[in-house]
Structure formats: C-alpha cells, structure tokens
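Encoded as structure tokens, the structure appears first; notes follow it.
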Ligand SMILES: [Zn+2]
Ligand SMILES: [Zn+2]
Ligand SMILES: [Zn+2]
C-alpha cells in the first residue's frame, strides 16, 4: 500500500479514514486520483459511507463505489453485530479491489457487470441447517461473516492448525479462483503454462478435497507448497500461491513507502514491482521478513510471516506474476 496525506493539511492519513485526524477534513478516496476533500470536486461519496464508513467515491453513474459495487449480498442487518462484521470485511476488501485495479486486472465482465461478486452471509440461526461455506463458484465469492470475528477466526485457525488466517488472506485466496477462470478462459497457452507448474486441474475436485482432509498433506509438502492446504488440488495451490504473491507485492510496496527498503535495489511502487521477477522480489522479502520476525519476537508477538518460500514455490509465484503482468498489459 502507498502512503497518503490529507488534501487540506498534508498530515498523514490512513487508507480507511473518512476524516483527517489532524484538521477534521472529511475525506473521500478515488481509486484513480487518490484522496480529496469530500466537499470539493465533482465526485459524490459512496452510498455506504454512513452505513459502514466506506470512504470511497461513488463509481461513475451509480451510488456505490468501485469496491462496494462488487458486494451483491450483504448480511442481515437486523441481526446484532452484522453491520460491524460487514464493515470489517469491506475495510479489508477495499485495499484488495484497489490492488486489482492498479494491476489492471478486469473488475467487470463483458456485459459491464461487476465481477467477482461478493456474497457476505451469516450462518442460519437454525443450528441444524447447513453452515455457510467460504468459497468461490462462477464469479461469486461467498464469505461467512463469522470470519470477521477475531475470536471465531482464531478458533478456526487453531482447529485447522493453520499458521495464519486473516480476512485479507481469505479475500486474496478467493479472488484467485475467479481470476484462474477469467484469465485462462479461451487461452490454451495460459492454461498450459499453469498446468506445467500447478499440475492438472481436471482431477476431481471434490474427491481431492476429501482425500486431503482424510489423509492430510504429504510429509515433504514444505519443499513444494506454500501451505498444507495448497496440496489439496492444483486450484488451491494456485489460490494459496496467488495470495502470497499479493502479500509480497503489498508488503514490499508498504515497506518501501516507509523507507524500510532503502538498501534494496528494487524499483519503487506496485507498477514497477510487478515487472520484477519473483526471484528478486522474494530475495528482498525474505530479508525483510527475517528482520520483522525478530522485531515481532522481541515484543512477544506471533511471527510476522510464518512461511517458507522454497524454490518450487517461487517458481509457482513467478508463473502467477507473469500471468498477472501479461493480463494487466492486455486488459484481461
Ligand atoms: Zn487534514
Ligand atoms: Zn463504498
Ligand atoms: Zn480455495
């Protein structure tokens, strides 16, 4: 993420701020032009501003912003705490939509409809009814809003024996499934390149997942995969690897913006970073991670980035980076 300053007083503002904490100016963010004073310019605020503190500008011709447009189902607001859960999810989703936009990945389908669509749903109150499963199908990402509750997410993380579970990670993982479909559709060359590194995705998905949950990952998985879950099926490997490409790009850009990578020879900013081979990005990232892991440990926090980037994993990430770069240049 970049850093931003108040259009009125130039004090630093955070990406989620609706107002400047220094001068009180009301702010709105435009994905193309950045922050502006709410009163000035021609843009109108997103219709969700008062509801969930969305600080973005309404997209041209519609009441909602580019990010809120992609949410087609919102949770039942008559249920206590659901508004807050919705707000937390959207606060994590706006940076993702901005990153997809800045990478020039398509955010609308051929008919002009916003895709991927996010459906934010709570489990049914009837405990015997089926639970809402987070996942992707045909351009629709379903997210169980319980993931917005820190305690619940931590409970699942611990139960699933995962080193890391965040809303940001979920969102990055799920959009990967959508972009696999969109970016390979009718492109045998791209599909072939992905199959070469991730394996053949035509193997039965349901059976593969069942086998994964019954037998667990192969013991040598850290040599070849970013996570245990990535071993379940080539689509999951792709989604897990994609999420980590986004973690690295965003993490490196943010570190650059705060002057933490002054000795590194990488060019600055997302547009330039996506042009760099993954082997260079991971080299810089690993050095940063070693330092930040140590700083976290010094304060008794959990590890900052508890993952190993084996050479085979970096090759997968390079295939994803090349795919994103090529799709971004050609507009899909
Ligand atoms: Zn200000
Ligand atoms: Zn909005
Ligand atoms: Zn998945």
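Structure notes:
- Unique residue being assigned by TED's automatic domain parsing to the domain that holds residue 104, touching a helix residue (DSSP H, G or I) at 6+ places or on another chain (Cβ under 8 Å) and loosely packed, with under 13 Cβ neighbours inside 10 Å when the list is 253, 302, 318: 302
Every residue, every condition in (1) touching a residue at least 60 places away in the same chain (Cβ under 8 Å); (2) assigned by TED's automatic domain parsing to the domain that holds residue 142; (3) within 26 Å of residue 140 (Cβ to Cβ), yes or no:
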residue: 10; (1), (2), (3): no, no, no
residue: 13; (1), (2), (3): no, no, no
residue: 28; (1), (2), (3): no, no, no
residue: 48; (1), (2), (3): no, no, yes
residue: 87; (1), (2), (3): no, yes, yes
residue: 100; (1), (2), (3): yes, yes, yes
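- Hits in the range 20-31 - residues which are surrounded by fewer than 19 Cβ atoms within 10 Å (Cβ to Cβ) and more than 17 Å from residue 64 (Cα to Cα): 21, 22, 23, 24, 26
- Evaluation of residue 7 against the conditions (1) more than 10 Å from ligand 1 (Cβ to nearest atom); (2) in contact with a strand residue (DSSP E or B) (Cβ under 9 Å, 6 or more places away or on another chain); (3) over 26 Å from residue 251 (Cβ atoms) shows that the sole unmet condition is (1).
- Selection status of residue 113, within 13 Å of ligand 2 (Cβ to nearest atom), at pLDDT 95 or above and within 27 Å of residue 143 (Cα to Cα): no
- The sole residue among 200, 189 that is over 19 Å from residue 282 (Cα atoms), assigned to a helix (DSSP H, G or I), more than 16 Å from ligand 1 (Cβ to nearest atom) and more than 20 Å from the chain's Cα centre (by Cα) is 189.
- Filtered residues of the range 228-255 (kept if in a loop (DSSP other than H, G, I, E, B) and away from ligand 3 (no atom under 11 Å from the Cβ)): 228
- Where a residue in the range 268-297 is in contact (Cβ under 8 Å) with a residue 24 or more places away in the chain and its partner, wherever it lies, is assigned to a helix (DSSP H, G or I) and surrounded by fewer than 14 Cβ atoms within 10 Å (Cβ to Cβ), with Cβ under 9 Å and at least six apart: 279/311
- Taken over the range 32-51, the criterion of being more than 14 Å from ligand 1 (Cβ to nearest atom) and buried (at least 19 other Cβ atoms within 10 Å of the Cβ) is satisfied by 45, 46, 48, 49.
- Annotation: residue 100 fulfils all but one of (1) within 14 Å of ligand 2 (Cβ to nearest atom); (2) out of contact with any strand residue (DSSP E or B) (no Cβ under 7 Å at 6 or more places or on another chain); the unmet one is (1).
The values are calculated or read from the model by the stated rules, or taken from the named source; none is laboratory data. The structure presented is a predicted model; accordingly, all values stated were derived computationally and were not measured. Neighbour counts run over all protein chains shown; Cβ positions are idealised from the backbone, glycine included.
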